[in-house]
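Report on the structure given below.
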Amino acid sequence: MGYTARRNATRTSDRPLVRVIATLLVLCLPAQAFAQSKQADQELEALIPDSAMENPDAWAVDTEAARTVVPPAEADDGIAPDAPLPDLPGITIAWPDGSELPKIESLTPDPDIDVAEQTTDAAVNALPGQEEADSGRSSRRADADIAKVGKQVEVAFPPGAEGIAEKDAIVARFAGLSALKSFDDDEDNLAQIVRRARTDRELLINILRIHGYYDAQVYQSLGGLSAPAAAATDTPAPIDVEKVVVRFDLQPGPQYHFGQIAFGDLASTGPDFQTLRGAFKLNPGDAINSDRIVTERVNLQNALGETGYAFAKVDEPDLLIDHERREGDLTVPVMPGGTYQIGKVNSSLEKFLSSKHLDLIARFDSGDLYKRSEIDDLRQAILATGLVSSVTVETREAKKPLGRDPGTVDVDVGLTPAPLRTIAGLVGYSSGEGFRVEASWEHRNFFPPEGLLRVRGVAGTQEQLAGVTFRRNNFMKRDLLLNADLYARNQQSPAFEALTISALVGLERQTTLLFQKPWIFAGGLEILATRERDAAAIRANEPRTTYFIGAIPLRAAYDGSDSLLDPQRGFRVGLRVSPEISVQNGVKSSYGKAQLDASYYQPTGDNLVIAGRVRLGTIVGTAIENIAPSRRFYAGGGGSVRGYGFQQIGPRDTLNEPSGGRALTEFSLEARVKTGLLGGAVSVVPFVDAGAVDTTTTPKFNDLKIGVGVGIRYQTNFGPIRIDVGTPLNPSKGDSRIGVYVALGQAF
C-alpha cells in the first residue's frame, strides 16, 4: 500500500518527498485532523486542496482507489514482479561514488602482534624503544660482559673500564623483580614475552637510576627466533619459545655524584654533631645510590636514639638532580630536639607484673642516658616471660631539657595478659626405649611475678614419673632462674632398675628462643634416695640396693651457633661437673663425674650443612661397684649412637646385659641436605655415629660400635621434626638390626 501511495503522489506534484509525506498523512491520520486549520504550508496546500479541507469525507473517497493494489498478473503496465524499482523522479542528490569521501587511514599495527608474526632474527632487530639500534644492531656489543638472569634472559654490561661497579647488585635486584625471569615456556607466547620485555626494560632503567645512572639507555632485543624451513616447503617452522633469549644491552652513561648534603637542624646538637654526622656515611662526591640514602637515614635515626635524643625526627630525604652538573643535592630534614635521661618505669598492671619487677628486667637504671635499643630490649624481655599477649613500651616526657642539661622521660609499659595456664602432652617412640607419654599442667604466674608451678607425669615403657616444679624467672636479676624440683621416678631399662625420690634446687642463667645467649651456667644441690639393681641382679632376682646420694651439679657452656633448634653454622661447647657422695650398705664413697660436649656446624653451599659432634666423659675417685647403676655412663639410642638400642653399648655382664662404665666416648657426623620439597621444608640427613663405654676412667676403644643411617627433617615454625633410621655396622649379640627415632630438633 505504501509503494502505491508513493507512485500516485508522484503524479500530482513536482516535489516527490513532500508528496509522499502528504499522502501518508492523508491515509494514516483521522480526517478531523486536516479540518482544524486552513493555515497550511504552501507545499501542503499544493498537495491538499481547500475542498479537501471543507469536505474531507468526499475527498477521502476519491483516494480509496489509491488503496487498491492491482495484482501483478493483472497489471497492464508490463512491470514484472522481480523487476528492480525505477528511480524515484525528483531526487536531485547524486549517489556518492566514493570520490568525495575522506581517505581511510590504516591503524598503527600492534607492535606485539607485529613482532609475534615474524619468524627471523632479521625481522626483529629491536623492540619498541630501540630505534637507535635498528641499523645492524649497533648497540649489541660483541665484547659485552654478559650476566645470565634465568635461562632465557641476558643483561649485557659494558666491558673493562666502561663497566659498572655495581653490576652484581643490579643483576640481583633485576633477577628478583623481573617479569621475564619467571615466564612459562609452555604457556607464554612470543607476544607475551615482548610485553614483559618492555616492562623489564623500564625496570632496568629505574634500577640504574637508583645507582646514579640518570642518563642510562637500555636496548632490548630477541634472539633464537630463526627457525629452519620445512623440508618440502619454504614455510618456516613454528617458533620454539623455549629457545627465545631476551637480551638487554646497557649503556649506563656517566654516574652522578652527590653535591651538597644538608641535615636540617642537626648542627644544633653541638658536641654530638660530629658523631651523628658520622653515622650518615654519605659525603659530597660519593656516587649517588638511593638504597644507601634509605639505609643511612635509618642509621642516623638510630644514632640519635642511642645518643639520648628520645624524640628526634628524621623526615624523608629530598634529592634534587642537576643534569648539567651531573650531581644531586641531598637534603635530610633532621629535628633532633634535646637529650633525655631515663626516669621511672610504670606498669599498667602492678599486681600482675609490678613496676619494680619491670625495672629489674630492664637493662637500664634510672638516671641513665636514654637509648632506644634498651627500650626495645625491654619490650622483647617482657614478651619472653610468656605472660603477656601484647605489650607497649612508650616514653613520656616528664621534664624538658634546659640548655645542655638533659630532660627526663618516664617509661610507660602497657600490658595485656596472656592465658597463664597450659595443659601439654607429648607422645614419643623409639625402638630402644619404646613408647613414652608425658603430660603436664602449669600456671606461669602462680606466684607473681613470674612464679611458675608445674605438675607433670610420665608413663612409658621404661619410665614412670610424677613430679612438681617451682620456677622463678628473672630471680634477683635479669635472666637468672631459680628452680626447685621434687619428683619420684621408676626406671626399668635393660641395664638397671631404679626407684628414686629426688629433690633438686639450683640457679641457672638460661637461654631462650628469643634471647639465645652465648654463655650459659647452672649450679645447684641435688639430694636423692634410690633403690637400684643392675641387669645381673635382675636376672638373679636379687634385692635392690639403697643408695643415698648428695651431688653438686655444675654446668658451663658456650653457644656460638646461629640457632637453638636448627644450627646452620658456628659451634657449641659445654662442660658438666658433678662432685658426688654416695652411701650404700654403710659404705661411703666420693667421686667426681665430668662430661664434655662439643659440636661444630659448617655450611657448604646453600643446601648443605656438615655437622659434627664429640662427647667425652669420665668418673674418677671410686670403683665402679660403688657407683649406683643409674649414675654410670651408657651409650646407644637416638641422642647417642643411632642404630643401637638405648643404653646397649658398653660393658656387659656374664648374661650379656649392659652394666655401664666409667668412661664414655661418642662421635657423630652428618650431612643435612635440603631437598627443595614442600617449599624447602624437607631435608635428608645421612649420618654415621660411633661410641664406646669402658670400665676404666679413660677410653680404651676396645669395643667401639659404629652405626649408620639416614634421617628426614621437616622444618616447622618451632624447629625441625626429626625421624632417623639407623643400623649397626658391628652389632653385638642381641642387637636389633634397625633403630627408629622420632624427636623435635636436630640430633645435636
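Coordinate-derived values only; no laboratory data. Nothing here was measured: the structure is a model prediction, and the numbers come from that model. Quick reminder, even Gly has a Cβ in these numbers, built from the backbone with ideal geometry, and neighbours come from all protein chains shown.
For this structure, a couple of remarks:
- Translational diffusion coefficient of the range 257-335 (Stokes-Einstein, Kirkwood radius from Cα pairs, 20 °C, 1.002 mPa s): 168 µm²/s.
- For the range 620-680, the Cα gyration tensor yields ellipsoid semi-axes of 34, 13, 9 Å (square root of five times each eigenvalue, largest first, whole Å).
- Summary value for the range 421-744: 11 percent relative contact order, contacts being C-alpha pairs under 8 angstrom separated by 6+ residues.
- Placing unit charges on each Cβ (+1 for Lys and Arg, -1 for Asp and Glu) gives the range 421-744 a dipole about its Cα centre, and among G676, G434, F470 the Cα reaching farthest toward its positive end belongs to F470.
- Where a label projected 7 Å from the Cα of L369 along Cα→Cβ would reach, residues of the range 267-283 with amide N under 18 Å: 267-280
- Listed from fewest to most Cβ neighbours within 10 Å, the set H443, H357 follows the order H443, H357.
- With the gyration tensor restricted to C-alpha atoms of the range 599-748, the semi-axes of the equivalent ellipsoid amount to 32, 15, 13 Å, longest first.
- Cα centroid of the range 397-426 to Cα centroid of the range 481-509, whole Å: 39
- For the range 421-744, diffusion coefficient by Stokes-Einstein and Kirkwood Rh (Cα), 10 °C, 1.306 mPa s, µm²/s: 75
- Under 20 Å from the Cα of K705 - lysines, other chains or at least 8 residues apart: K733
- Local electrostatic count, A466, Cβ distance below 10 Å [Lys/Arg +1, Asp/Glu -1]: +2
- Relative contact order, percent, the range 320-437 [alpha-carbon distance under 8 Å, six or more residues apart]: 25
- Sequence of F701, F687 once ranked by neighbouring C-beta atoms within 10 Å, starting from the fewest: F701, F687
- Across all Cα atoms of the range 340-417, the radius of gyration (one decimal) and Dmax (whole number) stand at 12.6, 43 Å.
- Along each principal axis, taking the top coordinate minus the bottom one, the Cα set of the range 535-581 gives 50, 25, 12 Å in descending order.
- For M335, M476, the sequence from fewest to most other C-beta atoms within 10 Å is M476, M335.
- Pairs beyond 18 Å (Cα-Cα), from K181/K674; K151/K181; K148/K243; K351/K371; K517/K674; K151/K243: K181/K674; K351/K371; K517/K674
- Lys, Arg +1 and Asp, Glu -1 on Cβ, resulting dipole of the range 340-417 about Cα centre, debye, nearest 20: 80
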